Amino acid sequence: MKNSLLSFFLKIEPDKKKSPFMHTLYDGFFTFAFAPNHVTKGGVHVRDGMDLKRLMFHVVIALQLCYLFGTYNIGQQHFSALGMYEGFLEGFHLKIFYGLVQILPLFVVANVVGLGIEFFYAYKKGHGIEEGFLVSGALIPLVMPPALPLWILAISVAFAVIIGKEAFGGTGMNVLNIALLSRVFIFFAYPTTISGDDVWVAGLEKVDGVWTASYNFIVTGVLNPVFESFGWATYQNGIAVVDGYSGATPLSLAAKGGWEAVTARFTPEQMFWGNIPGSVGETHKLFVLMGAGLLIYLGIASWRIMVSMVLGLVVTGILLNMWDATPAMNVPWYYHFSMGSFLFAMAFMATDPVTAAATDRGKLIYGFFIGAIGLVIRVLNPAYPEGWMLAILFMNVFAPLIDHFVVEGHISKRKSRLTKLANS
Amino acid sequence: MNRGKFLFLSLSLLLGSLTEVAAQTNGEGSQFLLNSLFVIAALVFFAIVIQVSDNLMAIEAKRIGADKDGNHFGLMPRFYELVGTKLPAYLKNEKVIISKKGFDIPLEGKAEAENLNVSVHRFSVNPANFKGISPIPKVLVEIGDSVKAGDPIFYDKSQPDFIFSSPVSGEIVEIKRGEKRAINEIVILADKTQQYKTFDKPNIATVSREELVKSLASSGLMTLFLQRPFNILPNLSIVPRDIFISTFDSAPLAPDLGYVLKGQEITFQAGCEALSKLTSGKVYLGLDGNGDTDAASIFTGVTGVEKYYFRGKHPIGNVGVQIHHIKPISPEDKVWTINVQDVAIIGKFMLEGIVDQTRMLAITGAELKHTGYAKVPFGASMSDLLSSEEVTEEHRIISGDVLSGTQVSKEGFVGFYDDQITVVAEGKNYELFGWLLPLDMRPSVSKTFPGTLLGGVASAANTNNRGEKRAFVVTGEYDRLLPMDILPQQLFKAIVVNDVEKMENLGIHELVEEDVALCEFGCTSKQPLQSILRSGLDVIKAEG
């Protein structure tokens, strides 16, 4: 069966000269399905089984729990705004399918746009399709608000891939993290769609000054009839949100009223278990930690960055707690882990090896500053309730400088070692 | 105060303070505290039970005398037993260098400890085997000439005293020439009984350095040395700072050098004494400290040399790594290195006055029916060596190991410095989702492979590239595979952008290809690191 599949694939290979774009496309998909038959030439004769595809795919695997819970949580937050199906399993099919209706278009648009641009550039430059977007394409939907308009997503992904990556030379050459670059593009170009209290819960529309449930055609026209035929509960258009409901995230509450305002709305356990509004994939802290643990265990992501980032947050958090001048400063430092997306940024964003510092010591410095600067933005900046995106992009820019000083230090250490030996 | 007393006191203090707190707290908190106290009490109880039985076991072990060799007896392992840093007894009073970096590639096809019965008729001397030789050497023989083992074949035009001699006695049957009349191969058909050219034996006790160098150069034995930086033929006018010898090879499927040199104690000692004449510094011996028992006695018993033990994974057996830890070379330094078997060859020359360049060659690889050792002079013909094996187009013959060896055809010959040949399968096949769900075992540094997770399951590797070449993406992976205080990735990037000053500052002169071969093996981006390094070394060499 494998052989017939292979011969079929080899038969349909487009001519490289006649249709170069089709050939690039074919090559991308073919090398995805079949590991190529290239053998080593010069240099080592036997190579490690690990390649970039496998590496990136393991990051995608580490994200799967976030995807699962993200899908559920879109529905959960939607219905809890309406005061319905508060329990975990109540209306489970409604929540899951509503989540899918929201998350699938995000995923498809992000990947079609991003991969399309990658394919085009691979064809233009005449090299194989590189797998850099495999991870970016999986990360981008997870860091977006669930109800983001798809055209904005498409523009942001195009911006990030073209300006952030291809302009610098493609995979491995980018200075800034691609997923965060697409998010920061929306953050500054379309701020109302990604900040404030009204964007973190999907499927609500303001009718006569009241937020009410509103569903698109797929939900009412496709899902409802199916559920009806099973005799299950269906989606109801036009239900108003519960009295006094606000879609505010713990962070915006903390910015206004400190820890008391947060706990008045959410319990710490609730924040840890992810039952809060937020970006799609970052809310469930345990699942994020499991992903981080997998990446560290497999040696894919740098534990140095993660550990030093935690340290940076703890040190800055304690200092801010001691200062205690604004409401936001009195949030106990240890609760900063469960509010917002610190852990997600730590596990999947800061550890991007291309944009992080490259030296071991540099990674420690890099992580620490992300932790410290991110918390400063989160607590002190009145305009941006969350800081990790900006802090990571900021440190992305500084990573080469950090590495430069680490390398200079290494060089002078080597020199002093040699002079010591020469004198001995 | 002994451990038990201390434990008891600290626990009672802790308990006391906790009951104090519990007594002062009232309301909801006290229930929680009470529960915690119960948990702590239970833990303490079990801790005491374990502690007592642990001590009882130790007492019993002492009573019956089972703890004499320093082993620890008890219920719980000691911390150092868990992390495994306890050194074997033979290393106690030695200079030991331990490295956690590196990786032993688990491969099938290690040479069995037996001598294979092979008869090799054709041998070749190939100028391309010698790095740093001037392009076209002056050939001193013609087709049809008969030579004895040790007779000069050609000399280096830049150093006319530097003779390259014949490995065997026989008849010159072929001189293969390449472009611009470059010499590719000089093939010798060996006699049935070997005849050796006799030289004046240098007297080890009285010979001067100049005389010794002259005598070694004229007999063709100076070729056995390599000079660092650059890993090239030594310059006869240079007195090396030190001479380094590694007495174990950590490369995949490498020969067991202790087995290889068995019975050559006297010649090896004589060789070491000759070496110490050649340097203004010392002769350093790197010994294998990985075993539970001491390294082979032929190496530990040598006198007049400095011995260092090395403990770690490949490439810890590489002489370059050992130099780095014993006494690193600065760009101005020149040191020489030599293989252990070649030390014995020099020793034999010193004692008997003949050039007998016979070495034990490890014939390895999972694709072979019989692996083992063959005792042949250098330059042996592959087709003669592998005459009893079925080697086809599906196989690759490597002179050397799978990391830094050279591919040769079946009609080719073993390289001059190689003491191993490896036969591996060519990996010219497509693999369905091979990058994601490999169906057969393959060596890898990465824990994403079950074989690596299980602690390194040996596999019959093939030569598939395992992916396509990419830009540098992953950081820090070379650092884990190079047991030297060098930043490899930064160095490679400096070479790629041709930043000479940075290359020198980052220590390029301390490296040769074999040292970074493991990094190249483990590189996720499939970068050709050995050839990158060589191009950098060439630039530095050209700059002078």
If each residue of separation counts as 0.36 nm, what is the full-extension length gain between A:Leu89 and A:Leu286 once their alpha-carbon separation is subtracted? 69.0 nm
For region A:1-44, I need the span (max minus min coordinate) of the C-alpha atoms along each principal axis, in Å, sorted largest to smallest. 34, 29, 14
Mean projected area in nm² (Cα convex hull; one quarter of hull surface) for region B:351-470: 10.1
Is the C-alpha gyration tensor of the protein assembly as shown telling us rounded, prolate or oblate? Criteria: a/c under 1.5 is rounded; beyond that, a/b larger than b/c is prolate, otherwise oblate. prolate
So which lysines pass the test for B:Lys95, namely a Cα distance under 20 Å, with those fewer than 8 places away in the same chain ruled out? A:Lys420, B:Lys86, B:Lys282, B:Lys307, B:Lys313, B:Lys327
Counting sequence-distant residues (5 or more places) and residues on other chains, those with an amide H built under 5 Å from that of B:Val424 are B:Arg396, B:Ile398
Taking 0.36 nm per residue of separation between B:Arg63 and B:Lys131 and subtracting their Cα-Cα distance, the length gained on full extension comes to 18.1 nm
Does region B:182-246 come out rounded, prolate or oblate, given a ≥ b ≥ c as the square roots of the eigenvalues of its C-alpha gyration tensor, rounded meaning a/c under 1.5 and, failing that, prolate meaning a/b above b/c? oblate
From the cross-link list A:Lys413/B:Lys100; B:Lys262/B:Lys348; B:Lys201/B:Lys348, which pairs have alpha carbons spaced over 19 Å apart? A:Lys413/B:Lys100
Quick one: Karplus J couplings for region B:268-279, per residue in order, coefficients 6.51, -1.76, 1.60, θ = phi - 60°, nearest Hz, x for Gly and Pro? 5, 5, 5, x, 4, 5, 5, 4, 5, 6, 7, 10
At 24 Å minimum axial length over the Cα atoms and a Kyte-Doolittle cut of -1.0, report the qualifying DSSP H helices in chain A, or say none. A:64-81, A:92-125, A:303-323, A:360-380, A:388-423
For the pair A:Ser7 and A:Leu311, how long in nm is the line joining their label points, each one 7 Å along Cα→Cβ? 6.1
Region B:465-544: translational diffusion in µm²/s, Stokes-Einstein, Kirkwood Rh over Cα pairs, 20 °C, 1.002 mPa s: 170
Let me check the size of region B:118-178 from its C-alpha atoms; what are the radius of gyration and Dmax in Å? 11.8, 38
Expressed in nm², what is the orientationally averaged projection area of the convex hull enclosing the Cα positions of region A:20-91? 8.9
When all Cα-Cα pair distances of region A:275-414 are considered, the percent exceeding 21 Å is 42
Which pairs break 24 Å Cα to Cα here: A:Lys16/B:Lys410; B:Lys138/B:Lys192; B:Lys138/B:Lys176? A:Lys16/B:Lys410; B:Lys138/B:Lys192
Please check chain A for the longest run free of trypsin sites (Lys or Arg not before Pro) that are loop-located per DSSP (anything but H, G, I, E, B) and have at most 11 other Cβ atoms within 10 Å. A:42-424
Phi angles of region A:382-387, converted by Karplus (6.51 cos²θ - 1.76 cosθ + 1.60, θ = phi - 60°) into ³J(HN,Hα) in whole Hz with x for Gly and Pro, give x, 8, 10, x, 10, x
Placed amide H near B:Val96: partners under 5 Å, 5+ positions off or other chain: B:Tyr309
What number, rounded to the nearest 500 deg cm²/dmol, is the helix-based mean residue ellipticity at 222 nm of chain A, given -39500 (n - 2.57) per DSSP H run of at least four residues and division by all its residues? -18500 deg cm²/dmol
For region A:88-240, the Debye formula with one identical point scatterer on each Cα and no solvent gives log10 I(q)/I(0) at q = 0.15, 0.21 Å⁻¹ as -0.83, -1.24
Return the ratio Rg/(2.2 N^0.38 Å) for region B:99-151, where Rg is computed over Cα atoms only. 1.95
Extension reserve of the B:Lys541-B:Glu210 stretch, reckoned as 0.36 nm per residue once the Cα distance is removed: 116.5 nm
Report, to one decimal in Å, the Kirkwood hydrodynamic radius for chain B based on all distinct Cα pairs. 26.6
Amide H proximity to B:Ser134 below 5 Å, modelled H, separation 5+ or other chain, gives B:Lys157, B:Ser158
Estimated FRET transfer efficiency when R0 is 45 angstrom, pair B:Lys369-A:Leu380 (beta carbons, to 0.05): 0.05
With the Cα gyration tensor of region A:359-424 in hand, give its eigenvalues times 5 under a square root as the equivalent ellipsoid semi-axes, listed largest first in whole angstrom. 37, 9, 7
Can you run phi through the Karplus equation (6.51, -1.76, 1.60; θ = phi - 60°) for region A:217-224 and list ³J(HN,Hα) in whole Hz, with x for Gly and Pro? 5, 4, 6, 7, x, 10, 6, 4
Springs between alpha-carbon atoms under 10 Å, Gaussian network over chain A: tell me which of A:Gln64, A:Gln77, A:Gln236 tops the mean-square fluctuations. A:Gln236
Three-way shape call for region B:417-479 based on the alpha-carbon gyration tensor, with the a/c threshold at 1.5: rounded
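FYI, it's all coordinate maths here, none of it is from the lab. Given the structure is predicted, the values throughout are model-derived calculations rather than measurements. FYI the Cβ positions are ideal-geometry reconstructions off the backbone, even for glycines, and counts take in every protein chain you see.
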